[in-house]
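The values are calculated or read from the model by the stated rules, or taken from the named source; none is laboratory data. As the structure is a computational prediction, the values presented were derived from the model and not from experiment. Glycine also receives a Cβ, built like all others from the backbone with ideal geometry; neighbour counts cover every protein chain displayed.
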Amino acid sequence: VTDVAKRYRAVTERSGRHHERARRVIPAGATRSLNDWPPNPIYVTHGSGSAIWDLDGREYVDFLNNYTAVVLGHAHPAVVEAVRERLEKGTSFSFSTELEAELAELLVERIPSVERVRFMGSGTEAAMFALRLARSFTNRPAIAKVEGGFHGTYDDVQVSVRPAMDRAGPIATPASLPETGGLRARLAEDVLVLPFNHIAETEALIEAHRDRLAAVLVEPILGVGGMITPADGYLARLRELCTRHGILLVFDEVITLRLAPGGAQELFGVMPDLTVMGKIIGGGMPIGALGGTSAVMAHLEPSGGYDVYDPRSGGARVYQGGTFTGNPLSLAAGLATLRIMDRAAYERLNGLGDALRARVDRLLRELEVPMSVTGLGSLFNLHATPGPVHTFRDARTADAERQQAVFLGLLNEGVMIAPRGMGCLSVPMTDVELNRFEMALAAVIRDVFTGGC
Ligand SMILES: Cc1ncc(COP(=O)(O)O)c(C=O)c1O
């Protein structure tokens, strides 16, 4: 393991030096806490198709794609052209452009439960407005989210994302643990934590809190929590419980819109009241969006001007907006991307993902190492645990040191995934990239698990 890190440090020498420089002016040397991995992160110069390059001039096959946001590969000509064309007409305005309704129409057409859409600057904002809207709509104070669920960095969702297992409590009543410093001490009282894929326990918790819950917020596939697919009937059960108790069901499809034109809701046939969107719908540019039924989304629609937000009016409506919401560059990149992502493109990409996971699974069995792979479609996660990984707590049994060594080892071999093992494919990939991945993983496993280095 130490040798893998030493080799990594040697081949990323320039990035290491840049890290020292950046740390003098930026906490941890990077504007994204994720990129604070030891011994140093890499710094990227550019990307093209399935590849990115770092400061040391090394090329990586990019199986991370800005944490799934880039689906067409880097600098896709159609996206570059769409953004260039808009750029020449001005970067952003105080008013909407036609692009806003164009992208909204496309999303409404494709995503079964979505009848109205509002655009935001990020997935974080979309999750934040979803919860605020749910509280306003139901006039209830609390929300429920799942253990291991990630929905960005708004206070209410920064609870039990990667909780320490010795503090996480029993599976029937998972603790609501703050994920970051700076949260209000009493926040946890209004955030109920549900155990993903544990149907009976989830049902009991929702029943116990039904009168206080405004929303149940869930990623249909647990993303950051380990790319774990929902158990049979889990999402449908959530739908039934929410309908029965007047709770809004909110799907966070920020990642899962990669699975089908209509997202995971199309794939699993379960319709939420609200859908949180982001990542690929901005074609690699900053974006977030909230979609939902007309009845719920109408609460973002003041009919009497700004006065409806006056507390004296009862505060029934939700104010939403921002300087860069619906900015034309993100919308243009998103439209160019989604127009290429027709059903055939999704099917091809999903097939490639299925092939990759099957090959990795076979390799892990052949080499008899305590590792497993999860995922669906173009999404996957390598776990340094023998598995099977069906729940968040299964994923947390991974050996942290080996997980990190696999990540650094793959970087040494020119293959980029997330430090926690997550990865995804992009449209320009073919068997060539799959072969690179398989060979790199085989070499790394020999190093990390059999001490071959
Ligand atoms: C499922 C999910 N929801 C929300 C977010 C937050 O989106 P953003 O980073 O655009 O704020 C992310 C980001 O990784 C995500 O994976």
Can we say GLY182 is in a loop (DSSP other than H, G, I, E, B), at negative phi and among the small types (Gly, Ala, Ser)?
no
What do you reckon, is ASP252 more than 16 Å from the ligand (Cβ to nearest atom) and out of contact with any Gly (no Cβ under 7 Å at 6 or more places or on another chain)?
no
Please go through segment 133-182 and pick out each residue that is surrounded by fewer than 23 Cβ atoms within 10 Å (Cβ to Cβ) and basic (Lys, Arg).
ARG135, ARG140, ARG162, ARG167
Segment 269-287, residues that are within 16 Å of the ligand (Cβ to nearest atom) and within 21 Å of TYR346 (Cα to Cα)
THR275, VAL276, MET277, GLY278, LYS279, ILE280, ILE281, GLY282, GLY283, GLY284, MET285, ILE287
Before we move on, is ALA127 buried (at least 22 other Cβ atoms within 10 Å of the Cβ), at pLDDT 95 or above and among the hydrophobic types (A, V, I, L, M, F, W, C)?
yes
Could you give every pair whose Cβ atoms fall below 6 Å, whose first residue belongs to segment 118-147 and is of a type in the set (S, T, N, Q), and whose second residue is more than 15 Å from the ligand (Cβ to nearest atom) and outside any loop (DSSP other than H, G, I, E, B), counting only separations of at least 6 or pairs across chains?
SER136/HIS299; THR138/ALA214
Quick check on my filter: what residues within segment 271-299 are in a helix (DSSP H, G or I) and either touching a Phe, Trp or Tyr at 6+ places or on another chain (Cβ under 8 Å) or modelled with pLDDT under 75 (or both)?
LYS279, VAL296, HIS299
Checking ILE206 against (1) β-branched (Val, Ile, Thr); (2) within 16 Å of the ligand (Cβ to nearest atom); (3) in a helix (DSSP H, G or I), the condition it does not meet
(2)
Index of the failed condition, GLY226 passing every other in (1) surrounded by fewer than 21 Cβ atoms within 10 Å (Cβ to Cβ); (2) within 16 Å of the ligand (Cβ to nearest atom); (3) not aliphatic (A, V, I, L, M)
(1)
Pairs returned, first residue in segment 216-228 that is over 11 Å from PHE196 (Cα atoms) and part of a loop (DSSP other than H, G, I, E, B), second residue that is of a type in the set (D, E, K, R) and near the ligand (Cβ under 10 Å from one of its atoms), beta-carbon separation under 9 angstrom, 6 or more apart or interchain, are GLY223/ASP252
Determine, yes or no, whether LEU106 is more than 14 Å from SER330 (Cα to Cα), within 16 Å of the ligand (Cβ to nearest atom) and in a helix (DSSP H, G or I).
no
Kindly indicate whether any position in segment 153-165 is of a type outside the set (S, T, N, Q), within 16 Å of the ligand (Cβ to nearest atom) and touching a His at 6+ places or on another chain (Cβ under 7 Å).
yes
In segment 43-81, the residues that are within 24 Å of ILE255 (Cβ to Cβ), part of a loop (DSSP other than H, G, I, E, B) and either away from the ligand (no atom under 16 Å from the Cβ) or not aliphatic (A, V, I, L, M) (or both):
SER50, PHE63, ASN65, ASN66, TYR67, THR68, LEU72, GLY73, ALA75, HIS76
Please note which helices (runs of 4 or more DSSP H) are completely contained in segment 336-453 and include at least 1 residues that are over 22 Å from the mean Cα position of the chain (by Cα).
343-367, 400-412, 431-450
Filter segment 115-147 for residues that are part of a loop (DSSP other than H, G, I, E, B) and within 16 Å of the ligand (Cβ to nearest atom); the one that is farthest from ALA175 (Cα to Cα) is GLY121
Give ALA442, ALA355, ALA398 a once-over and let me know the one that is surrounded by fewer than 18 Cβ atoms within 10 Å (Cβ to Cβ), over 28 Å from ALA260 (Cβ atoms) and of a type in the set (Gly, Ala, Ser).
ALA442
